[in-house]
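Only one structure is covered here, and it is reproduced in the block below.
The values are calculated or read from the model by the stated rules, or taken from the named source; none is laboratory data. These numbers come from a predicted model, not from an experiment. Using ideal geometry, Cβ is built from the backbone for each residue, glycine included, and neighbour counts are taken over all protein chains shown.
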There are 2 protein chains.
Amino acid sequence: MTKLTNTSDQILHCARSLIIAGGYNGFSYADIAEVVGIRKASIHHHFPSKVDLVRTLLVTYREEAEAGIAELQRHHPAPVDQLRAYTGYWAACIGDPTNAFCVCALLATQIPVLPPEIVSEVRAHFRTLSTWLTAVLEHGARQGSLALSGTTQSEAEGFMAAVHGAMLSARAYGDADVFRVITEPLIDRLVAVHP
Amino acid sequence: MTKLTNTSDQILHCARSLIIAGGYNGFSYADIAEVVGIRKASIHHHFPSKVDLVRTLLVTYREEAEAGIAELQRHHPAPVDQLRAYTGYWAACIGDPTNAFCVCALLATQIPVLPPEIVSEVRAHFRTLSTWLTAVLEHGARQGSLALSGTTQSEAEGFMAAVHGAMLSARAYGDADVFRVITEPLIDRLVAVHP
DNA sequence: GGCAACCTACCTTCTAGTAGGATGATCGTC
DNA sequence: GACGATCATCCTACTAGAAGGTAGGTTGCC
């Protein structure tokens with residue numbers, strides 16, 4: 001239970017929102033300073049460079065994501081419910097502008113201009129997510145609750161890509177509902193047709 | 001047949017590549033000046049402001065996209081083939097770093113920090129694409145060559161989102177093959193199972 | 001005393017954008 | 001065909017502000 005008044009946490013939280021809005025080059029130390037109510041130089045005390053700040057932010061984000069997945073798996077034993085919980089989590093986020101995109105997905109779009117330390121964290125998140133989804137689909141297929149068309153890996157990559165694309169469309173249209181419209185059929189299709 | 005040595009075309013072409021790499025805030029007039037072999041001030045002669053430059057670039061991009069779709073429809077009468085031609089076009093682009101992403105899809109990720117004139121162009125492109133895909137799916141469903149699960153609109157949005165997500169994954173993994181792995185099953189699934 | 005947290009003041013480099021001048025092609029006019 | 005005027009294109013030189021980052025000092029807690 002980290003206290004919310006912790007300055008470095010405030011900086012990280014603020015930076016995350018700003019990245020979600022405009023990516024790596026879309027925010028500055030000055031922007032954070034204004035929101036947190038601190039001077040630019042003080043941010044450098046907590047995070048010497050911008051790369052340090054964003055890398056720390058991503059490490060935290062990945063930990064939270066893994067914890068979230070673990071939590072989600074404890075609450076939902078059935079693979080279908082795990083998938084629904086995952087897309088449901090994001091459906092809830094889309095409405096909140098400061099949380100309407102996966103930080104790693106957004107940064108991934110800018111990979112060619114990102115510092116290498118950031119790229120490796122982003123890439124690692126994609127692998128984590130894809131590995132987890134593969135396991136969930138694999139589980140569902142084994143127990144017969146999910147019907148896969150191609151390989152488990154390709155289905156997992158397709159699912160992840162569709163979710164990210166749904167976030168993008170929701171942002172493009174400025175309409176949160178689009179996310180649900182796209183992701184719900186995604187799961188319905190996987191649910192095995194039982195006679 | 002516009003001549004390739006046209007300076008303003010060179011500027012637009014260069015800016016497009018730079019946006020594809022890093023988005024709206026990921027490039028500067030200085031970057032373009034260096035590539036085109038011209039001074040910064042000369043770019044301002046052709047495009048007074050950055051917004052002018054990017055808006056012009058998007059208008060051109062959208063025209064090219066619409067022309068490409070028209071061409072594609074002339075060459076491929078069958079809806080399935082139109083979808084394959086569309087994903088095939090992007091599959092070919094993914095390999096080339098300067099063309100590995102849809103400009104509008106990339107800019108859409110940064111909508112919250114984009115000038116409104118840019119946002120409306122990006123949004124318009126999404127609507128154009130979605131409208132076209134809806135028509136193609138509708139056509140295929142009517143003639144029985146495509147099997148849709150939900151509404152035509154939701155299938156179209158899902159298809160577009162999956163393609164955009166596939167571009168993102170290809171970039172995240174740094175692996176062009178991922179795009180094909182994700183998009184090919186997408187079309188296979190739509191092809192009606194004929195007994 | 002030592003140290004974390006914060007400050008003011010400053011640096012360099014980059015940002016989009018401007019002012020105004022040089023060059024050269026195209027133009028109607030004689 | 002020669003004439004000057006106009007205009008597009010490009011230049012040098014500059015601006016104000018924002019970028020990330022640094023130096024060094026003050027405060028207050030353990």
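Against the condition over 24 Å from residue A:149 (Cα atoms), in contact with a Leu (Cβ under 6 Å, 6 or more places away or on another chain) and buried (at least 18 other Cβ atoms within 10 Å of the Cβ), how does residue B:152 come out, does it pass? So residue B:152 does not fit the description; no.
Within the set of pairs 6+ apart or on separate chains, which have a first residue in region B:19-34 that is within 11 Å of residue A:24 (Cα to Cα), a second that is assigned to a helix (DSSP H, G or I) and within 14 Å of DNA strand D (Cβ to nearest atom), and C-beta atoms under 6 Å apart? Listed pairs, sorted by first residue: B:22/A:113; B:25/A:25; B:25/A:26; B:26/A:25; B:26/A:113. Elements of the type helices (runs of 4 or more DSSP H) sitting completely within region B:43-152 and holding at least 2 residues that are touching a strand residue (DSSP E or B) at 6+ places or on another chain (Cβ under 7 Å): these cover B:79-94, B:116-143.
Look through region A:28-42, keep the residues that are part of a loop (DSSP other than H, G, I, E, B) and among the small types (Gly, Ala, Ser), and return whichever of them is surrounded by the fewest Cβ atoms within 10 Å (Cβ to Cβ).
Only one residue tops the list, namely A:37.
Of all the criteria given as (1) away from every other protein chain (no Cβ under 14 Å); (2) part of a helix (DSSP H, G or I), the one not satisfied by residue B:25 is (1). Anything in region A:142-184 that is more than 7 Å from chain B (Cβ to nearest Cβ), in contact with a Lys or Arg (Cβ under 9 Å, 6 or more places away or on another chain) and free of Cβ contacts under 8 Å to residues at least 24 places away in the same chain? List them, or say none. Listed by number, the list holds a single entry, A:174.
Among the residues of region A:21-40, is any under 25 Å from residue B:105 (Cβ atoms), at pLDDT 95 or above, more than 14 Å from DNA strand D (Cβ to nearest atom) and touching a helix residue (DSSP H, G or I) at 6+ places or on another chain (Cβ under 7 Å)? Within region A:21-40, none of the residues are under 25 Å from residue B:105 (Cβ atoms), at pLDDT 95 or above, more than 14 Å from DNA strand D (Cβ to nearest atom) and touching a helix residue (DSSP H, G or I) at 6+ places or on another chain (Cβ under 7 Å). On inspection, residue B:52 fails the criterion of being of a type in the set (Asp, Glu) and within 14 Å of another protein chain (Cβ to nearest Cβ). Evaluating residue A:99 against the criteria (1) within 16 Å of DNA strand D (Cβ to nearest atom); (2) among the polar types (S, T, N, Q); (3) in contact with a Cys (Cβ under 6 Å, 6 or more places away or on another chain) leaves one unmet condition, (1).
The residue that is nearest to DNA strand D (Cβ to nearest atom), among those in region A:47-63 that are surrounded by fewer than 17 Cβ atoms within 10 Å (Cβ to Cβ) and of a type outside the set (A, V, I, L, M, F, W, C), is A:49.
Might you let me know whether region A:9-16 holds any residue that is within 15 Å of the chain's Cα centre (by Cα), more than 11 Å from DNA strand D (Cβ to nearest atom) and in a helix (DSSP H, G or I)? Yes, there is a match, as at least one residue in region A:9-16 is within 15 Å of the chain's Cα centre (by Cα), more than 11 Å from DNA strand D (Cβ to nearest atom) and in a helix (DSSP H, G or I).
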